[in-house]
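Peer 1: Here it is: the structure, laid out below.
Taken together, the values in this text are just the output of simple stated rules run on the coordinates, not laboratory data. Computed from a predicted model, the values in this text were never measured in an experiment. As a convention, Cβ positions derive from the backbone with ideal geometry for all residues, glycine included, and neighbour counts pool all protein chains shown.
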Amino acid sequence: MRQLNQAGVKWVSHVSETLTEAKTLVQEGSQTWQHSEDGPVHWFSRHLELPQGRERWVVICTLASLQRAQQAVQRQVDKAKAKWEQACWHLGNRRFACEADARVAAERELKEKPAWLDSHSNLVAHPQYAGKGCPGKDARPISHRWQVVATMSVNQERVEQEAFRKACWIVGTNVLEPTVLPDQHLIATYKGQGSPERRFRFLKDPLFLASSVTVSKPERIMALSFIMVLCEARSTA
């Protein structure tokens, strides 16, 4: 990106969600989301100072991406809830010598749970008596064994936040002025990459034998590319 910026090349690119800046931007969100006239596309834009230069990022959420994210997150929630309910069951089958040990065990076992699962735990004291059999009416326990009774519930608000976060994606560009490249045109430009990608897939097809042709002169490369485009257009007509 730095090389393209220095060369004055204008570019549009998807921004990886793994970048710290991307995670922060999506997490912070915006109070000024814009939406398309028909409603399914929402977005907001920010200018960022990055090591490779200044860029304009547009955070996008579509109705389709939100629906996919909701389905994916719900599957994740169902699977995780069952897993952690089983962990609670195993924890409840253990007994601890003191209340402090029980609390430490509950905190240790449940600390890795997802943020959208809420845990509810209570400590139950089980009295221990001397001798065997049923204790007498006036018998006093000589000690207690402690049990952790834990349950899990889904925090639906956090689930919706997670689904919305996963539904968002970012497109970046070094065209900083929205008057030159409006946000909607930027989104449409990025979405339009599907057409050339399909053509590249056609050119890479082994049946096309493009790799067996070697040309070096620019005019021959242009002529070969033109023939390939005609062949591709003919094959998809």
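Peer 1: State, as an integer percentage, the relative contact order of the range 1-118 based on alpha-carbon contacts under 8 Å between residues 6 or more apart. Working shown, then result.
Peer 2: Values: 63 pairs, mean separation 16.3, N = 118.
It rounds to 14 percent for the range 1-118.
Peer 1: Using only the alpha carbons of the range 1-134, what is the convex hull's orientation-averaged projected area in square nanometres?
Peer 2: On the way: hull surface 57.2 nm².
With the hull built on Cα positions only, its mean projection is 14.3 nm².
Peer 1: Excluding residues fewer than 8 places away in the same chain, name every one of the aspartates and glutamates whose C-alpha is closer than 18 Å to that of Lys191.
Peer 2: Glu17, Glu37, Asp38, Asp183
Peer 1: Also, I was wondering about something else. Expected output is a single nm value to one decimal: the length gained when fully extending between Tyr129 and Arg165, i.e. 0.36 nm times separation in residues minus the C-alpha distance. What is it? Write out the running numbers ahead of the final one.
Peer 2: On the way: separation 36, 0.36 × 36 = 12.96 nm, distance 5.44 nm.
So the extension gain works out to 7.5 nm.
Peer 1: Scan the range 7-90 for trypsin sites (Lys or Arg not before Pro) in coil per DSSP, keeping those whose Cβ has at most 15 other Cβ atoms within 10 Å, and list them by number.
Peer 2: Working: sites: Lys10, Lys23, Arg46, Arg54, Arg56, Arg68, Arg75, Lys79, Lys81, Lys83; in loops: Lys10.
Counting only loop positions with at most 15 other Cβ atoms within 10 Å, the trypsin sites (Lys or Arg not before Pro) in the range 7-90 are Lys10.
Peer 1: To the nearest 10 degrees, how steep is helix 63-92 against the longest Cα principal axis of the chain, on a 0 to 90 scale?
Peer 2: Here the helix axis deviates by roughly 20 degrees.
Peer 1: Can I ask one more? Where the eigenvalues come from the Cα gyration tensor of the chain, what are the semi-axes √(5λ) of the equivalent ellipsoid, largest first, in whole Å?
Peer 2: Values: eigenvalues 733, 104, 57 Å².
Working from the Cα gyration tensor, I get semi-axes of 61, 23, 17 Å.
Peer 1: Moving on to the next point. Treating the angle as unsigned and between 0 and 90°, give the value, to the nearest 10°, between the Cα long axis of helix 156-167 and the longest Cα principal axis of the chain.
Peer 2: 20 degrees
Peer 1: Between exposed GluC sites (Glu not before Pro) in the chain, where DSSP calls loop and at most 14 other Cβ atoms lie within 10 Å, what's the longest gap? Could the numbers behind the result be given before it?
Peer 2: Details: sites that count: Glu17, Glu37, Glu112.
Between exposed loop sites, the widest span is 113-237.
Peer 1: Quick one: compute the contact order of the chain, relative version, from alpha carbon pairs under 8 angstrom and 6+ residues apart, as a percent.
Peer 2: Working: 273 pairs, mean separation 60.8, N = 237.
Reported as a whole number, the value is 26 percent.
Peer 1: Classify the range 40-101 as rounded, prolate or oblate, taking a ≥ b ≥ c as the square roots of the eigenvalues of its Cα gyration tensor: rounded when a/c is under 1.5, otherwise prolate if a/b is larger than b/c and oblate if not.
Peer 2: Details: a/c = 5.75, a/b = 2.12, b/c = 2.71.
Cα axes put the range 40-101 in the oblate bin.
Peer 1: Based on alpha-carbon atoms only, what is the radius of gyration of the range 68-159 relative to the globular estimate 2.2 N^0.38 Å? Write out the running numbers ahead of the final one.
Peer 2: On the way: Rg = 17.9 Å, N = 92, 2.2 N^0.38 = 12.3 Å.
So the range 68-159 has a normalised radius of gyration of 1.46.
Peer 1: In degrees between 0 and 90, to the nearest 10, how far off the longest principal axis of the chain does helix 194-204 point, with axes built from Cα atoms?
Peer 2: 80 degrees
Peer 1: Using Cβ counts within 10 Å as a stand-in for footprinting exposure, how do Thr18, Thr173 rank, fewest first?
Peer 2: Thr18, Thr173
Peer 1: Right, next: For each of Leu181, Leu230, Leu186, count neighbouring Cβ atoms within 10 Å of the residue's Cβ, then give the residues from fewest to most. List each step's numbers first, then the result.
Peer 2: On the way: Leu181 17, Leu230 10, Leu186 22.
With the sparsest Cβ surroundings first, the list reads Leu230, Leu181, Leu186.
Peer 1: Fewest Cβ neighbours within 10 Å first, please rank Leu4, Leu110 accordingly. Provide the component values of the computation, followed by the final result.
Peer 2: Working: Leu4 14, Leu110 18.
With the sparsest Cβ surroundings first, the list reads Leu4, Leu110.
Peer 1: For Thr173, what is the net charge nearby, where nearby means another residue's Cβ is under 14 Å from its Cβ and Lys, Arg count +1, Asp, Glu -1?
Peer 2: On the way: positive: Lys10, Arg46, Arg54, Arg56, Lys191; negative: Glu55, Glu177, Asp183.
So the environment of Thr173 carries a net charge of +2.
Peer 1: If you don't mind, another one. With the crude spin-label approximation of a point 7 Å out along Cα→Cβ, what separation in nm comes out for His120 versus His14?
Peer 2: Output for this residue pair reads 4.1 nm.
Peer 1: Set the Förster distance to 25 Å, then compute FRET efficiency between Ala188 and Met228 from the Cβ-Cβ distance, nearest 0.05.
Peer 2: E(calc), rounded to 0.05, equals 0.45.
Peer 1: Still on this structure, I have one more. How long is the gain from Arg54 to Gln34 if the chain were fully straight, where each residue apart is worth 0.36 nm and the alpha carbon distance is subtracted?
Peer 2: On the way: separation 20, 0.36 × 20 = 7.20 nm, distance 2.24 nm.
Gain on extension, Arg54 to Gln34, equals 5.0 nm.
Peer 1: If the elastic network links every pair of Cα atoms under 10 Å, which of Ala80, Ala130, Ala167 fluctuates the most in the Gaussian network model of the chain?
Peer 2: In the Gaussian network model the winner is Ala130.
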